[in-house]
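Student: Have a look at this one.
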Amino acid sequence: STTKNAIVAENLVRSFGPVRAVNNVSFEVPVGSVVGFIGANGAGKTTTMRMLATLDQPDSGRALINGYDAAVYPDRIRDALGWMPDSYGAYDGVTIVEYLDFYARALGFTKADRVARVKDVMDFTGLTPLAERMTNKLSKGQGQRLCLGRALIHDPAVMIMDEPAAGLDPQARVELKRLIRLLADEGKTIFISSHILAELSEMCDSMLFINNGEIIHHGSAESLLHGAGAAITYRVQI
Ligand code: ATP
């Protein structure tokens, strides 16, 4: 890639009726960095991330992935991007290996490539022993690992992860953090949200704080505590 920023948000605006969910949001995520996106419930994290992932269109402003406008080049964005939503759809009667194969097929992989990619993500996420388990019979932690595996099926350079640690027990959180660190070490760019600062502070190069649809701070975890002052203390878990 020739661009220095994997993700650029330029004056993004998105309203739902009278609610301005995202209000003139701008930021950059440099290639190879891990950037945290901190904000309370309803602050606008999911809405912002969905626009970056081409799943929603801004009313105004632009989202760029590797320099490509998400609204103009959705296919290129999907090739470059792994999107991990805050919940995933499980299907009755579908095993983990079938579920991942389905996503690989949807992305146009040949049979041989599908087998290799599915094996790769199952090994990485520790799901190989559960390959024949039904996707609607998984624990929360197993489901999150499946969701991560799905996002990684085409080995994307950029990962956008919406509250991946929400609802996980401590052990599953530690495991998820380990996997995210491995992805970062591979050189992937990672943009990850949470409403818990401590969950992200050690793994992130910098943090963005969003409050009522506006970015009110961008910097280190410590600078966030100082710079955003009382707002962050009241709005999110430290
Ligand atoms: P959470 O952690 O609760 O998911 P969030 O920071 O991701 O919060 P968003 O989901 O982006 O926040 O929501 C921002 C605001 O936009 C909220 O007021 C929400 O109710 C509103 N909103 C989001 N999506 C829609 C929609 N499809 N229709 C109507 N309102 C919406």
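Student: For the range 1-13, how many residues meet the condition of being open to solvent by 10 Å² or more (accessible area, probe 1.4 Å) and either part of a strand (DSSP E or B) or within 16 Å of the ligand (Cβ to nearest atom) (or both)?
Tutor: Initial filter on the range 1-13 (open to solvent by 10 Å² or more (accessible area, probe 1.4 Å)): 1-5, 8, 10-11, 13.
Subsequent filtering for residues that are either part of a strand (DSSP E or B) or within 16 Å of the ligand (Cβ to nearest atom) (or both) retains 5, 8, 10-11, 13.
Residues in the range 1-13 being open to solvent by 10 Å² or more (accessible area, probe 1.4 Å) and either part of a strand (DSSP E or B) or within 16 Å of the ligand (Cβ to nearest atom) (or both): 5 in total.
Student: What number of residues in the range 135-176 are over 24 Å from Glu199 (Cα atoms) and either at pLDDT 95 or above or surrounded by 18 or more Cβ atoms within 10 Å (Cβ to Cβ) (or both)?
Tutor: Of all residues in the range 135-176, those over 24 Å from Glu199 (Cα atoms) come to 135-137, 153-155.
After this cut, where a residue has to be either at pLDDT 95 or above or surrounded by 18 or more Cβ atoms within 10 Å (Cβ to Cβ) (or both) as well, the list is 135, 153-155.
Looking only at that region, the number is 4.
Conditions tested, residue by residue: (1) buried (at least 16 other Cβ atoms within 10 Å of the Cβ); (2) in contact (Cβ under 8 Å) with a residue 12 or more places away in the chain; (3) of a type outside the set (S, T, N, Q).
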position: Asn24; (1), (2), (3): no, yes, no
position: Lys45; (1), (2), (3): yes, yes, yes
position: Val72; (1), (2), (3): no, no, yes
position: Gly93; (1), (2), (3): no, yes, yes
position: Leu100; (1), (2), (3): yes, yes, yes
position: Glu132; (1), (2), (3): no, yes, yes
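Student: Still on this model: Please indicate, with yes or no, whether at least one residue in the range 14-31 is more than 12 Å from the ligand (Cβ to nearest atom), among the hydroxyl-bearing types (Ser, Thr, Tyr), modelled with pLDDT of 95 or more and within 20 Å of the chain's Cα centre (by Cα).
Tutor: Yes, that holds for at least one residue.
Student: Yes or no: the range 186-203 includes at least one residue that is at pLDDT 90 or above, of a type in the set (Ser, Thr, Tyr), open to solvent by less than 20 Å² (accessible area, probe 1.4 Å) and out of contact with any Leu (no Cβ under 8 Å at 6 or more places or on another chain).
Tutor: Yes, the range 186-203 has at least one match.
Student: May I pose another question? For Ala63, state whether it is part of a strand (DSSP E or B) and closer than 16 Å to Ile216 by Cβ.
Tutor: Numbers: part of a strand (DSSP E or B): yes; closer than 16 Å to Ile216 by Cβ: no.
Here the answer is no, as Ala63 does not meet what is asked.
The values are calculated or read from the model by the stated rules, or taken from the named source; none is laboratory data. Source: prediction; values computed, not measured. Cβ coordinates were reconstructed from backbone atoms using ideal geometry, including for glycine residues, and neighbour counts include every protein chain displayed. Heavy atoms of the whole protein, side chains included, go into the accessibility calculation; ligands, DNA and RNA do not. Shrake-Rupley method; radii C 1.70, N 1.55, O 1.52, S 1.80 Å.
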